[in-house]
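Worksheet for the structure shown next.
Here, each number is a calculation from the coordinates, and none is a lab measurement. Please read these numbers as outputs of a predicted model, since none were measured by experiment. Quick reminder, even Gly has a Cβ in these numbers, built from the backbone with ideal geometry, and neighbours come from all protein chains shown.
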Amino acid sequence: MTADRHLASGLTSPPLRAFSILPDDQTDLVRPIRGLMVAIAGDVSVVTEAGDEVVLPGLLPGIQYAIRARRIRATGTNADGLVGLA
């Protein structure tokens, strides 16, 4: 166990969790994300934590995108291999 493990994680610290995302138009993620990565380039349709719906166009693999979102929608998403960072 590291000495700073008991400290709270802020938005400027690295994510603590990572999980695969299966886009769904109706269901929120198991936990909101603060970052997103894709394995195969494309567009990603998100619902932000504030409830805004937007398509993030042309996301490229290997890049960590900063986005606070509660849902990744299937409609409008053609990127694949999505990983949520929380």
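When peptides 52-65, 35-48 are sorted by average Cβ neighbour count within 10 Å, with the highest value leading, the order is 35-48, 52-65.
Between the entries (1) 13.5; (2) 13.2; (3) 16.4, the label attached to Kirkwood radius over Cα pairs in Å calculated for this structure is (2). Rounded to the nearest 20, the Cβ-based charge dipole of region 26-85 about its Cα centre (Lys and Arg +1, Asp and Glu -1) stands at 200 debye.
Residues in region 72-86 carry Karplus couplings, in order, of 10, 7, 6, 5, x, 9, 10, 6, 9, x, 7, 10, x, 10, 10 Hz; the curve used is 6.51 cos²θ - 1.76 cosθ + 1.60 with θ = phi - 60°, and Gly or Pro positions show x. Along Cα→Cβ, 7 Å out, is where each label goes; now give me the distance between the ones at Leu22 and Glu49 in nm to one decimal. So the two model labels end up 2.6 nm from each other.
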